[in-house]
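Colleague: Pasting a structure here, questions to come.
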Amino acid sequence: MMQVTLTMKPRIKPFLPIEAEMIVPMNFIGSRDIFLYEGNKKRRLEDLFTIRKDGNVNSPEKILVMMKGDTSRVKRVGEYMSSGTIIIEGDIGMHCGNFMRDGYIEILGNAGGWLGREMRGGSILCNGNAGDYCGSGYRGEKRGMRGGKIEVMQNVGDYCGEYLTGGEIHIHGDAGMFAGAEMRGGTLCIDGDARIPAANMSKGTCIVGGTVHEILPSFEYAGEENGMRVYHGDVANKGKGELKVKKIS
Amino acid sequence: MSDKVRHVVCPYCGCLCDDILVELDEGKITGVENACTLGAHKFLSDSENRLKGPIMRDGSGWKDISYEDAIDYVVDLLSKADRPILYGWSGCATETQAIGAHLAELIGGVIDSTTSVCHGPSILAIQEVGHPGCTLGQVKNRADTIIYWGSNPIEAHPRHLSRYTNYADAYFFHNAFRERQVIVVDTRKTPSTEIATEFVLVKPGGDYHVLSALRAILRGRADVVPDIVAGVAKPQLIRIVEICKKTNFGAMFFGVGITMTGGKYKNIRNAIEFVDELNRYTKWTISPMRGHSNVYGSNEVFTWISGYPYAVDYSRGIAFYNPGETTVVDILARGEADAALIMASDPGAHFPRICSENLAKIPTILFDPYPSVTTHLCTLQIPSAVNGIDAAGTAYRMDGIPIRTHKFLDNTGYPTDTTLLKQIYDRIREAKENA
Amino acid sequence: MHELLIRNAYVIDPINGILGEIMDIPIRDGRVVDKVSEKSDLIDALGYLTLPGGIDSHTHVCGTKVNFGRYMSPEDMRAGRTSRRGVMYPTSGYTVPTTFGNSYRYSRMGYTTLLEGAMAPLEARHTHEEFAATPMQDMLANTLFDGNWSLFEAVGDNDVKQAAAVIGWTLKAVKGFGIKLTNPGGTEAWGFGDDISGLDETVPNWDITPKQIIDTTIRACELLHLPHSVHLHCNNLGMPGNYKTTLDTMEIPSDMNRDRQTLYLTHVQFHSYGGHTWGDIRSEADKIAASVNNKPHIVIDMGQVMFGRTMTMTADGPMEFRLYTLHHNKWSNHDVELETGSGIIPVYYNRQSLVNSVMWAIGLELALMVKNPWQCLLTTDNPNGAPFVKYPEIIGLLMSNRYRNKELESVHRHINKRTILSSLERELSFEDIAIMTRSGQTKALGLINEGKGHLGEDARADIAIFPVKPDDIDPSKQYEEVIGAFQQTLYTIKDGIVVSRNGEVVTGILNRTFWSKPDLPDDMDVMQSSRFIEKFSRFYSVDLENYAVQDEYVERGVAIDSKVV
């Protein structure tokens, strides 16, 4: 096992966003230079973080990257990650786990927007809240998240799982508006409440354990199953998806 | 000595009316004909309000500053900034907008236009499902059914109906006004709902639901739709679908009533998909009611240069687009920027309060011929010639038709924003090359 | 004064009859001259293949619908991004690059002149603005007339002079170069959601047929003595069985021009389908080629399809809607009042699809069966058939039977039941390729007199030097090297200045716009026609006085004069 501990240093302009797509376990093998961007300025990892390495390994799946300090504006951590573990003690910025293929990311605080965007594999656990577009795709693409698992222990913002194509998203708290919009596969599970979920879905399964506010008029009620109301839709587009809800309001 | 200038292009709104007549007397605008009150006001009050020259903050007041010193300040600020934002652009000519796009790339900043608080969602929807549209002359000559959804043209685009829709002259009709029907969909009564042949009153936030219901009915699944959808009774929904299917040519127009409420771009997407499906039965088009005279121009220019229509982030030396992240309104809400260049727009008046608070904290340069709410938030204001009055350039109408605005006042003494921006660009580029 | 001497160039310049000679090319102030001083700059071409700069006679790179294709496709934009390098701005776009993206990528391939395939007169200003942002190539615009109401009236009156008056005025007003007809009559029918399916069908609301539109327009074009012939996208594009429409279309004109073809048919691959449905679609390229072979007054371009993802965009609105109903991808439409239409939709050409495999084969069949390379030019109708960066692969396929056979093994297994490509052994030569990618274009576009497309005395010094030595290579076997050579020049030279070197654009330049300026006599002045003027006051949505493209948009314009014959 190797543990790399990165602790954010205080910054002169702490409001500037940081892009850190090079922070993936694989990049800590050997003594590779790791660069980040703070606004439009290129920085070295050591300019922004104190770095501590314990242990030494040859393969990335045995690497744990631990991030401490105020990382709420650090974006793109874990992008294209294919092995290893990242644990973030505080909050994390946008696009955490973009395009992830394998490995494990855990966020102890809250996550910014686009958590696990266009994910293909691996798993992400967020103990706090996640922002908008959790597990979504990118503008204009026909497919969003294709595989892997995202679990959020509290609430998510709007458009969670937009264009969901494969894999699994599990929200323990509430979702905002339009969770599962344009879904075409995969499973979206919301334990709490949701507003206008699964809009325009064509396939896949969306389960809401709490109350659905403003369910769409184009979902066809198909009976009860295990205490859940089952709907087929979205009829507006000849969709063959399934929406299961506990209650509607 | 009075002069009449004809076929002037009004630089106010997305209608870009080009039949304006302006009367001049001794280099001052004394009369305007054909324009609506918004356009007339733009021309007639122009000279009263202009700043005489650049002004810079001086303690709690202002001091006059030369154009040279003003440019020096801008060059210095933008060259060093870590996250500069260049916002506005919708009143500028495309020639100016093009320099802006190159400037954003040069300084590694973010360029965005008023699109992001107006019809940005329309573009997001178009990026999902495309845009089945046409030029306004097609509508005027052919449309027998017009739908205004979330739009109040009588107040916001006053000449839209007389130039392009309901009241306009039409090749294929003998008596167009009598042969057309206008459906207006809104959450409240407006002057536009008053002239509609059919008014659909929707509960606020319910537009998406109504559109889903219409699509389901169109697909033959009226059985699934409940009796009332967002306050609209099912019989009315069914009637609307029948009207839409039976028309010869239907044209839908939509405004910020649905781009800026509820699902925003999801509303627009739903409307576009409804129109797509209608095209299997008869001819239908859908188009956004763009607000500013050249906001569409900013989308066109930014696209052919950067690849993206607004919210373009060049901080990584490559164009990156992600509305919600790279839109200036969101960047300001998060307080991320450290310098701002505002071109010909008034975010102080239109952005959420937190954005204005954050704008006031950073060095902000405002290019605007007139004082505005943003003046009170900025560090330096630079007046330039007014596009369409003492500067000419290309503007793109709401339907994409490019028209050249006129310069009918000479010798006002103001440099154009194109000239000023070019100087700024050249100086920053030279400094980078010599570094 | 700037002088450049290129030494040891292996020149193929078919217009001047030079078919593989090592020679020097002296250049002064942007033109090929007889000799230069010893102080001139020097490039040693080391015996590498040297051709006049590439000319694309049909590509969609600038204008309203191209930009639609860009901004509706952020997923395409992000797939093709490059950062700033030297003088090159960042670019974006994979199948529909930004203007600078197009310009740099074409320059890397040695192209110095581009003809934009479609420009609606009402939106010409947009095309010209984008021309200025495509700086490495001189630009020309094919101007759309297929739905033009004033032209329709002249056609209805069988009045060629009036048709010529309308066309002449419009070309001058919008600084257009050539006459483009796209699905003539069909784009107007699409104004109410219909299409036209036959040359003799009446256009709804107008008492004319596509055949009449084509015939009158050709006569008007020849009356105006324009440099380029009518440029036609036939009716029924993409429909199984449409080869008949194409054959019938080719019967319309007689040989009316001494210097060049009378009719140019574009992207003919899309118009060469037999069968009746998608299920039995087959190639009829041999019939099309046979017709072209006995009509020296007709020139076609291929419209080659290559497998993979791309974007379709044409003025043929109804055809694009049909694609939408088939594939259900995101679809955009933009009809232009009193003039024309357009549609845009992304497509994916799949090797495993029999239909797509047939389409791929047909383009190649056309090029191999049309005997005279001057009559079959290389295009993909960029980006409709494929992005232009695939041209080198097409060259590889045309020069190597072995490569074609290899590809045939990986396409749909029934390909040989629907096409005869596997039986065609002809391999095109470097000379054929030179003709199909520049010499043929310049002749077809009437640009020889403008100094384009050749390297004779006083020609414009637009030159491409490729890393291949024709005498030292067997393209039949070494097709990979041929492809590599055409992908990136050693030097691309424009107006005597090295603009691209080993794939990198090295200097910024300003381009020119070539446009047609026919001189019309007083009795052909549409400004005297109240019927013409009334269109603007009543039916257009812009004023006549604001319609014409101002001089500011063609600051470095080259007006090509012509006189009514």
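The values are calculated or read from the model by the stated rules, or taken from the named source; none is laboratory data. These numbers were taken from a predicted model, which means no experiment stands behind them. Note that each Cβ is placed from the backbone with ideal geometry, even for glycine, and that neighbours are counted across all protein chains shown.
Colleague: Which pairs turn up if I take residues in the range C:375-393 that are among the charged types (D, E, K, R) and look for partners that are surrounded by fewer than 24 Cβ atoms within 10 Å (Cβ to Cβ) and assigned to a loop (DSSP other than H, G, I, E, B) with beta carbon separation below 9 Å, at least 6 apart in sequence or on another chain?
Modeller: Once the first residue is among the charged types (D, E, K, R) and sits in the range C:375-393, its partners that are surrounded by fewer than 24 Cβ atoms within 10 Å (Cβ to Cβ) and assigned to a loop (DSSP other than H, G, I, E, B) give C:K390/C:M306; C:E393/C:M306.
Colleague: I'd like to check something: does the range B:331-348 contain any residue that is of a type outside the set (D, E, K, R), without any contact (Cβ under 8 Å) to a residue 24 or more places away in the chain and either assigned to a loop (DSSP other than H, G, I, E, B) or touching a Gly at 6+ places or on another chain (Cβ under 8 Å) (or both)? Quick ask: steps written out before the conclusion?
Modeller: Keep residues of the range B:331-348 that are of a type outside the set (D, E, K, R), which gives B:331-333, B:335, B:337, B:339-345, B:347-348.
Subsequent filtering for residues that are without any contact (Cβ under 8 Å) to a residue 24 or more places away in the chain retains none.
Scanning the range B:331-348, I find no residue that is of a type outside the set (D, E, K, R), without any contact (Cβ under 8 Å) to a residue 24 or more places away in the chain and either assigned to a loop (DSSP other than H, G, I, E, B) or touching a Gly at 6+ places or on another chain (Cβ under 8 Å) (or both), so the answer is no.
Colleague: Could you tell me how many of the residues in the range C:330-361 are away from every other protein chain (no Cβ under 14 Å) and not in a loop (DSSP other than H, G, I, E, B)? Full working, then the answer.
Modeller: Taking the range C:330-361 first, the residues away from every other protein chain (no Cβ under 14 Å) are C:349-361.
Remaining after also requiring not in a loop (DSSP other than H, G, I, E, B): C:349, C:354-361.
Counting residues in the range C:330-361 that are away from every other protein chain (no Cβ under 14 Å) and not in a loop (DSSP other than H, G, I, E, B) gives 9.
Colleague: Right, next: With respect to A:R117, is the statement that it is without any contact (Cβ under 8 Å) to a residue 40 or more places away in the chain, under 18 Å from A:E19 (Cα atoms) and in contact with a strand residue (DSSP E or B) (Cβ under 6 Å, 6 or more places away or on another chain) true?
Modeller: Numbers: without any contact (Cβ under 8 Å) to a residue 40 or more places away in the chain: yes; under 18 Å from A:E19 (Cα atoms): yes; in contact with a strand residue (DSSP E or B) (Cβ under 6 Å, 6 or more places away or on another chain): no.
For A:R117, the condition - without any contact (Cβ under 8 Å) to a residue 40 or more places away in the chain, under 18 Å from A:E19 (Cα atoms) and in contact with a strand residue (DSSP E or B) (Cβ under 6 Å, 6 or more places away or on another chain) - is not met.
Colleague: Moving on to the next point. Restricting the search to the range C:246-274, which residues are crowded, with 19+ Cβ neighbours inside 10 Å and either on the phi > 0 side of the Ramachandran plot or assigned to a helix (DSSP H, G or I) (or both)?
Modeller: Matches in the range C:246-274: C:T246, C:T249, C:M250, C:H267, C:V268, C:Q269, C:F270, C:H271.
Colleague: Considering only the range B:291-322, how many residues are out of contact with any Lys or Arg (no Cβ under 7 Å at 6 or more places or on another chain), closer than 24 Å to A:K41 by Cβ and surrounded by fewer than 24 Cβ atoms within 10 Å (Cβ to Cβ)?
Modeller: The total comes to 3.
Colleague: While we're on this one: Among the numbered criteria (1) assigned to a loop (DSSP other than H, G, I, E, B); (2) touching a Phe, Trp or Tyr at 6+ places or on another chain (Cβ under 6 Å), which single criterion is violated by C:P318?
Modeller: Checking C:P318 against (1) assigned to a loop (DSSP other than H, G, I, E, B); (2) touching a Phe, Trp or Tyr at 6+ places or on another chain (Cβ under 6 Å), the one that fails is (1).
Colleague: Let me confirm something: among B:R188, B:R219, B:R215, B:R280, which residue is more than 22 Å from the chain's Cα centre (by Cα), more than 12 Å from B:T145 (Cβ to Cβ) and more than 12 Å from every other protein chain (Cβ to nearest Cβ)? Quick ask: steps written out before the conclusion?
Modeller: Working: B:R219 fails: more than 12 Å from every other protein chain (Cβ to nearest Cβ); B:R215 fails: more than 12 Å from every other protein chain (Cβ to nearest Cβ); B:R280 fails: more than 12 Å from every other protein chain (Cβ to nearest Cβ).
Just one listed residue meets the conditions, B:R188.
Colleague: Among the residues of the range B:228-244, write down those that are more than 10 Å from chain A (Cβ to nearest Cβ) and out of contact with any Gly (no Cβ under 9 Å at 6 or more places or on another chain).
Modeller: Across the range B:228-244, the qualifying residues are B:A233, B:P235, B:Q236, B:I238, B:R239, B:I240, B:V241, B:E242.
Colleague: Counting only residues that are touching a residue at least 40 places away in the same chain (Cβ under 8 Å) and of a type in the set (F, W, Y), how many does the range C:182-241 have?
Modeller: Result for the range C:182-241: 2.
Colleague: Further question: Taking the residues in the range A:186-213 that are of a type outside the set (A, V, I, L, M) and surrounded by 20 or more Cβ atoms within 10 Å (Cβ to Cβ) as candidates, determine which candidate is nearest to the other protein chains (Cβ to nearest Cβ).
Modeller: A:N200
Colleague: Would you list the helices (runs of 4 or more DSSP H) that sit entirely within the range C:48-114 and hold 1 or more residues that are within 13 Å of chain B (Cβ to nearest Cβ) and aliphatic (A, V, I, L, M)?
Modeller: Helices (runs of 4 or more DSSP H) meeting the threshold: C:64-71, C:74-79.
Colleague: When you look at C:T202, is it surrounded by fewer than 23 Cβ atoms within 10 Å (Cβ to Cβ), closer than 21 Å to C:A164 by Cβ, hydroxyl-bearing (S, T, Y) and in the same structural domain as C:G274 (by TED's automatic domain parsing), yes or no? Lay out the reasoning, then the answer.
Modeller: Values: surrounded by fewer than 23 Cβ atoms within 10 Å (Cβ to Cβ): yes; closer than 21 Å to C:A164 by Cβ: no; hydroxyl-bearing (S, T, Y): yes; in the same structural domain as C:G274 (by TED's automatic domain parsing): yes.
It is false that C:T202 is surrounded by fewer than 23 Cβ atoms within 10 Å (Cβ to Cβ), closer than 21 Å to C:A164 by Cβ, hydroxyl-bearing (S, T, Y) and in the same structural domain as C:G274 (by TED's automatic domain parsing).
Colleague: Let me ask another. Select from the range C:513-533 the residues that are surrounded by 13 or more Cβ atoms within 10 Å (Cβ to Cβ) and either assigned by TED's automatic domain parsing to the domain that holds C:L151 or outside any strand (DSSP E or B) (or both) and list them in ascending order. Step through it out loud before you land on a result.
Modeller: Applying the first criterion (surrounded by 13 or more Cβ atoms within 10 Å (Cβ to Cβ)) to the range C:513-533 yields C:513-520, C:524-526, C:529, C:532-533.
Within the range C:513-533, C:L520, C:M524, C:D525, C:V526, C:S529, C:F532, C:I533 qualify.
Colleague: Let me ask something else. So, in the range C:362-385, exactly how many residues are under 13 Å from the mean Cα position of the chain (by Cα) and either in a loop (DSSP other than H, G, I, E, B) or of a type outside the set (A, V, I, L, M, F, W, C) (or both)?
Modeller: As a first pass, look at the range C:362-385 and keep what is under 13 Å from the mean Cα position of the chain (by Cα): C:376-385.
With the extra rule that they be either in a loop (DSSP other than H, G, I, E, B) or of a type outside the set (A, V, I, L, M, F, W, C) (or both), the set shrinks to C:378-385.
Total meeting the criteria: 8.
Colleague: Which is surrounded by fewer than 22 Cβ atoms within 10 Å (Cβ to Cβ), in contact with a Cys (Cβ under 7 Å, 6 or more places away or on another chain) and either at pLDDT 95 or above or over 22 Å from B:L380 (Cβ atoms) (or both), of B:L38, B:L51?
Modeller: On the way: B:L51 fails: in contact with a Cys (Cβ under 7 Å, 6 or more places away or on another chain).
The unique qualifying residue is B:L38.
Colleague: Could you check A:F99 against (1) of a type in the set (A, V, I, L, M, F, W, C); (2) within 14 Å of chain C (Cβ to nearest Cβ); (3) not in a loop (DSSP other than H, G, I, E, B) and say which number it fails?
Modeller: Among (1) of a type in the set (A, V, I, L, M, F, W, C); (2) within 14 Å of chain C (Cβ to nearest Cβ); (3) not in a loop (DSSP other than H, G, I, E, B), A:F99 violates only (3).
Residue-wise test of (1) among the polar types (S, T, N, Q); (2) within 20 Å of B:P402 (Cβ to Cβ); (3) crowded, with 22+ Cβ neighbours inside 10 Å; (4) touching a Pro at 6+ places or on another chain (Cβ under 7 Å).
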site: C:Q304; (1), (2), (3), (4): yes, no, yes, no
site: C:A315; (1), (2), (3), (4): no, yes, yes, no
site: C:M319; (1), (2), (3), (4): no, no, yes, no
site: C:R322; (1), (2), (3), (4): no, no, no, no
site: C:L338; (1), (2), (3), (4): no, yes, yes, no
site: C:I344; (1), (2), (3), (4): no, yes, yes, no
site: C:R351; (1), (2), (3), (4): no, no, no, no
site: C:L354; (1), (2), (3), (4): no, no, no, no
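Yes or no, residue by residue, for (1) out of contact with any His (no Cβ under 9 Å at 6 or more places or on another chain); (2) free of Cβ contacts under 8 Å to residues at least 24 places away in the same chain; (3) part of a helix (DSSP H, G or I):
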residue: B:I268; (1), (2), (3): no, no, yes
residue: B:I272; (1), (2), (3): no, no, yes
residue: B:S287; (1), (2), (3): no, no, no
residue: B:I305; (1), (2), (3): no, no, yes
residue: B:P309; (1), (2), (3): yes, no, no
residue: B:S315; (1), (2), (3): yes, no, no
residue: B:P323; (1), (2), (3): yes, no, no
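Colleague: Quick one: which of B:I362, B:I428, B:I342 is at pLDDT 95 or above, assigned by TED's automatic domain parsing to the domain that holds B:I55 and crowded, with 24+ Cβ neighbours inside 10 Å?
Modeller: Numbers: B:I362 fails: crowded, with 24+ Cβ neighbours inside 10 Å; B:I428 fails: crowded, with 24+ Cβ neighbours inside 10 Å.
It is B:I342.
Colleague: I've got another one for you. Going by the conditions given, is B:D144 among the charged types (D, E, K, R) and more than 26 Å from B:V256 (Cβ to Cβ)?
Modeller: Working: among the charged types (D, E, K, R): yes; more than 26 Å from B:V256 (Cβ to Cβ): yes.
Criteria met by B:D144.
Colleague: Would you mind telling me which numbered condition in (1) farther than 21 Å from B:T405 by Cβ; (2) surrounded by 13 or more Cβ atoms within 10 Å (Cβ to Cβ) C:Y547 fails?
Modeller: (1)
Colleague: Is it the case that some residue within the range A:92-102 is touching a strand residue (DSSP E or B) at 6+ places or on another chain (Cβ under 6 Å), assigned by TED's automatic domain parsing to the domain that holds A:F15 and β-branched (V, I, T)? Don't jump to the end; show me each part of the working.
Modeller: Looking only at the range A:92-102, we keep the residues that are touching a strand residue (DSSP E or B) at 6+ places or on another chain (Cβ under 6 Å), and these are A:92-97.
From what is left, the residues that are assigned by TED's automatic domain parsing to the domain that holds A:F15 are A:92-97.
Among the residues that remain, those that are also β-branched (V, I, T) are: A:92.
Looking for residues that are touching a strand residue (DSSP E or B) at 6+ places or on another chain (Cβ under 6 Å), assigned by TED's automatic domain parsing to the domain that holds A:F15 and β-branched (V, I, T), one finds at least one in the range A:92-102, hence yes.
Colleague: Separate question: Only one of (1) of a type outside the set (F, W, Y); (2) surrounded by 24 or more Cβ atoms within 10 Å (Cβ to Cβ); (3) touching a helix residue (DSSP H, G or I) at 6+ places or on another chain (Cβ under 6 Å) is not met by C:D462, so which one is it?
Modeller: Single failed check for C:D462: (3).
Colleague: Would you please name the residue that is surrounded by the most Cβ atoms within 10 Å (Cβ to Cβ), looking only at residues in the range B:1-19 that are at the interface with chain C (Cβ under 10 Å from one of its Cβ atoms) and charged (D, E, K, R)?
Modeller: So, considering only residues that are at the interface with chain C (Cβ under 10 Å from one of its Cβ atoms) and charged (D, E, K, R), the one surrounded by the most Cβ atoms within 10 Å (Cβ to Cβ) is B:D18.
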